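Asker: There's a structure below that I have some questions on.
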Amino acid sequence: MSATTTSSLLELRQVTKQFGATTVLQPTDLQVRRGEVVCVIGPSGSGKSTLLRCVNFIAPPSTGSIVFDGAEYTPPTDHRWVPALGLPEERRLTRLRSEIGMVFQQFNVFPHLTVRENVAIGCRKTCGLGRKEAAERALAELTKVGMAEKVDAYPEQLSGGQKQRVAIARALALDPKLMLFDEATSALDPELVNGILAIMRELAEAGMTMMVVTHEMRFAMEVADRVIFMDRGCIVEEGTPEQFKDPQHERTRTFLRSIN
Ligand code: ADP
Ligand code: MG
């Protein structure tokens, strides 16, 4: 292993993703240090979600590998491979996924569970907590995101912003080492966006390692340690927010102009 590997929590090594004959992620190398906040920007369809989904193997990379917290993960090579429970490889991936929290644009909360149950269920299934401990952990996480008073509500009684708070609490309850946010504020009414961004900012300031796909350039410029611009399945440009004030690539300039 190279010397840089040890300081990285996450490393992508020549990761690609194909769907059929189409390559949506070109060979990609990326390292994310512990505590680093990386914001990923780029046009619709450029591969941002695919990049995040390869990191936690929701969509396994087609080729290349992921090194996370010192362990390497490679795509399944056996085409008959089925994610059957009990396979050692699948057990490793289950652990990988449990160490990486993910928050989606569309909240993904369970409609038939209360707010508290939405958070507690992961603590029981993934962390093996008992019912009471899981309920306590859930309340603690929900309190941190300002949802203590809604623990018995059902998702349909919540605003989008409140649902997203539940989704964030649910991810954090598993004590992840890395948090992935995929356009977490894109489906929210404008007046609810800042509340979610404030939670994400606090998390960043508390030292969480984060990869954040976002169109919120102000958030990216203020919170990111590093910004990545993707286009057509490639990382076209990366640098500090300061460097993104004067992008090197014409495609980056065009994109930034288009969203301002
Ligand atoms: P972004 O998040 O930047 O909008 P995505 O990663 O969602 O982009 O998509 C990148 C490209 O991959 C798009 O052209 C999209 O249509 C394609 N794609 C994404 N998921 C699938 C899939 N499951 N099957 C086929 N094509 C897909
Ligand atoms: Mg996307």
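The values are calculated or read from the model by the stated rules, or taken from the named source; none is laboratory data. Just so we're clear, the structure is a prediction, and the values are computed from it rather than from any experiment. Quick reminder, even Gly has a Cβ in these numbers, built from the backbone with ideal geometry, and neighbours come from all protein chains shown. To get the accessible areas, we keep the full protein, side chains included, count just its heavy atoms, and leave off ligands, DNA and RNA. Shrake-Rupley method; radii C 1.70, N 1.55, O 1.52, S 1.80 Å.
Asker: Pairs only if they're at least six apart or on different chains, beta carbon under 6 angstrom, first in the stretch 123-148 and assigned to a helix (DSSP H, G or I), second of a type in the set (Lys, Arg); list them, first residue then second.
Answerer: Cys123/Arg137; Ala134/Arg124; Ala138/Arg116
Asker: Can you find even one residue in the stretch 149-162 that is crowded, with 20+ Cβ neighbours inside 10 Å and within 16 Å of ligand 2 (Cβ to nearest atom)?
Answerer: No.
Asker: Being of a type in the set (Lys, Arg) and open to solvent by 70 Å² or more (accessible area, probe 1.4 Å) is the filter; apply it to the stretch 198-254 and report the residue that is nearest to ligand 1 (Cβ to nearest atom).
Answerer: Of all residues in the stretch 198-254, those of a type in the set (Lys, Arg) come to 201, 218, 226, 232, 245, 251, 253.
From what is left, the residues that are open to solvent by 70 Å² or more (accessible area, probe 1.4 Å) are 201, 218, 232, 245, 251, 253.
Details: Arg201: 22, Arg218: 20, Arg232: 9, Lys245: 23, Arg251: 14, Arg253: 18 Å.
Looking at the filtered set, the residue picked out is Arg232.
Asker: Within the stretch 55-76, restricting attention to residues that are assigned to a loop (DSSP other than H, G, I, E, B) and at positive phi, which residue is surrounded by the most Cβ atoms within 10 Å (Cβ to Cβ)? Explain how you work it out, then say what you get.
Answerer: Initially, the stretch 55-76 is screened for residues assigned to a loop (DSSP other than H, G, I, E, B), giving 56-62, 69-70, 74-76.
From what is left, the residues that are at positive phi are 57, 69-70.
Values: Phe57: 21, Asp69: 13, Gly70: 11.
Only one residue fits best here, namely Phe57.
Asker: Residue check: is Ser159 hydroxyl-bearing (Ser, Thr, Tyr), within 22 Å of the chain's Cα centre (by Cα), more than 30 Å from Val67 (Cβ to Cβ) and modelled with pLDDT of 95 or more?
Answerer: Working: hydroxyl-bearing (Ser, Thr, Tyr): yes; within 22 Å of the chain's Cα centre (by Cα): yes; more than 30 Å from Val67 (Cβ to Cβ): yes; modelled with pLDDT of 95 or more: yes.
Taking the combined requirement at face value, the residue satisfies it.
Asker: Could you list all residues from the stretch 217-247 that are within 17 Å of Glu36 (Cα to Cα) and assigned to a strand (DSSP E or B)?
Answerer: Of everything in the stretch 217-247, those that are within 17 Å of Glu36 (Cα to Cα) and assigned to a strand (DSSP E or B) turn out to be Arg226, Val227, Ile228, Phe229, Glu238, Gly239.
Asker: Cβ-Cβ below 8 Å, separation at least six or inter-chain, first residue in the stretch 217-236 and closer than 15 Å to Gln26 by Cα, second more than 15 Å from ligand 1 (Cβ to nearest atom) and assigned to a loop (DSSP other than H, G, I, E, B): which pairs?
Answerer: Phe229/Pro247; Phe229/His249; Val236/His249
Asker: What is the residue count in the stretch 163-182 for residues that are within 16 Å of ligand 2 (Cβ to nearest atom) and either over 21 Å from the mean Cα position of the chain (by Cα) or surrounded by fewer than 21 Cβ atoms within 10 Å (Cβ to Cβ) (or both)?
Answerer: Within the stretch 163-182, residues that are within 16 Å of ligand 2 (Cβ to nearest atom) and either over 21 Å from the mean Cα position of the chain (by Cα) or surrounded by fewer than 21 Cβ atoms within 10 Å (Cβ to Cβ) (or both) number 1.
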